[in-house]
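Enquirer: Dumping the structure here so I can ask a few things about it.
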Amino acid sequence: MRLIENWFSERYSDNLQLSFRIKDQLLSIKTDYQRIDLFDTYDFGKLLSIDGTVQLTEKDEYIYHEMITMVPYYFNSKPSRVLIIGGGDGGAARRLVDLGIKNIINVEIDGNVVEVAKKYFPAISSSFKESAVKLIIGDGIKYIKESSDKFDRIIIDSTDPVGPAEGLFSQEFYNDIKSHLTTDGIVVTQSGSPYYQPTALAMAHKGMTEVFRDVKTYCAFIPTYPSGLWSFTMASPDRIVGRDESTVTGKYFNSDVLTGSFYLPEFVKNILK
Ligand code: AG3
């Protein structure tokens, strides 16, 4: 008998990688923008990887998607119009619909991500069937430059700041974003692993600080992302102030997390200085 073990690994550095034992590889395509792979893993269900980096797994996607949508939801005026840049899997839109938001525009650069999500992650991508969600396949940077719409929240659900997502971490982009936010609107971006990608976090935080009045970074535990500790950074042309309102509870998000995710370890605070 021959035993063949199959693994998918994401490399964090020359000396470290996280490996998932897989039952099967379901897909591998090269699109105009990136390489998309899909694996069926033992511990995390289906896993979507873009350019070799884990984007989401069935098992823990709720953490990232709740944290990128629900945290900014509870600050400043209650949002009714939301723009998502990236997010082609539909996970961020799903949570916004669940929060009762009726007007969501989702601009994803790579239509293949949407197609893959529709086929392999039907529960997550079900948001694209909702009348509240308008999906546009196009370049988010261009969309922001050309549209005159204003939004209460802009959610940047991007890949790491290399390749197609690089421009989504630039000060120039944040400037364009600012002109599309309502007076006390909030933009939020995923800002990487503070441990393995401190420059991504520093870039997002510094870029936003140059452009906005108030900037806040918060963290969450995401087991399938590099180091497990993940950061998000949000900013507003106005002050960022919590609303006095009871919160819904997610699978990760709750009222304690809403407060506690802003309490940062010292090494993370140092990245923001
Ligand atoms: N987008 C952010 C994923 C970044 C993960 N980075 C990594 N594994 N190196 C998530 C997309 C989910 N909608």
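The values are calculated or read from the model by the stated rules, or taken from the named source; none is laboratory data. All values reported here derive from a predicted model rather than from experimental measurement. Glycine also receives a Cβ, built like all others from the backbone with ideal geometry; neighbour counts cover every protein chain displayed. To get the accessible areas, we keep the full protein, side chains included, count just its heavy atoms, and leave off ligands, DNA and RNA. Shrake-Rupley method; radii C 1.70, N 1.55, O 1.52, S 1.80 Å.
Enquirer: Considering TYR120, TYR73, which residue is over 24 Å from ILE240 (Cβ atoms), in the same structural domain as LEU168 (by TED's automatic domain parsing) and of a type in the set (Phe, Trp, Tyr)?
Expert: So the residue among TYR120, TYR73 that is over 24 Å from ILE240 (Cβ atoms), in the same structural domain as LEU168 (by TED's automatic domain parsing) and of a type in the set (Phe, Trp, Tyr) is TYR120.
Enquirer: Do you know which residues across segment 142-200 are more than 28 Å from PHE267 (Cα to Cα), in a strand (DSSP E or B) and hydrophobic (A, V, I, L, M, F, W, C)?
Expert: Hits for segment 142-200 are PHE151, LEU181.
Enquirer: Of these, VAL107, VAL114, which one is part of a strand (DSSP E or B), buried (at least 18 other Cβ atoms within 10 Å of the Cβ) and assigned by TED's automatic domain parsing to the domain that holds ALA165?
Expert: Selected residue: VAL107, the only one of VAL107, VAL114 that is part of a strand (DSSP E or B), buried (at least 18 other Cβ atoms within 10 Å of the Cβ) and assigned by TED's automatic domain parsing to the domain that holds ALA165.
Residue-by-condition table, conditions (1) in contact with a helix residue (DSSP H, G or I) (Cβ under 6 Å, 6 or more places away or on another chain); (2) open to solvent by 20 Å² or more (accessible area, probe 1.4 Å):
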{"site": "LYS129", "(1), (2)": "no, yes"}
{"site": "ALA132", "(1), (2)": "yes, no"}
{"site": "ILE136", "(1), (2)": "no, yes"}
{"site": "GLY140", "(1), (2)": "no, no"}
{"site": "ASP160", "(1), (2)": "no, yes"}
{"site": "GLU166", "(1), (2)": "no, yes"}
{"site": "PHE169", "(1), (2)": "yes, no"}
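Enquirer: Among the candidates ASP184, ASP244, which residue alone is of a type in the set (D, E, K, R), modelled with pLDDT of 95 or more and more than 29 Å from GLY45 (Cα to Cα)?
Expert: Result: ASP184 is the single residue among ASP184, ASP244 that is of a type in the set (D, E, K, R), modelled with pLDDT of 95 or more and more than 29 Å from GLY45 (Cα to Cα).
Enquirer: Report every pair of residues separated by at least 6 positions or lying on different chains whose Cβ atoms are under 7 Å apart, first residue within segment 49-60 and under 20 Å from LYS118 (Cβ atoms), second near the ligand (Cβ under 6 Å from one of its atoms) and open to solvent by 30 Å² or more (accessible area, probe 1.4 Å).
Expert: Taking only residues 6 or more apart or on different chains, the pairs are SER49/GLN55.
Enquirer: Next question. Please find, within segment 181-225, the residue that is farthest from GLY167 (Cα to Cα) out of those that are open to solvent by 10 Å² or more (accessible area, probe 1.4 Å) and within 12 Å of the ligand (Cβ to nearest atom).
Expert: Among them, the one singled out is PRO223.
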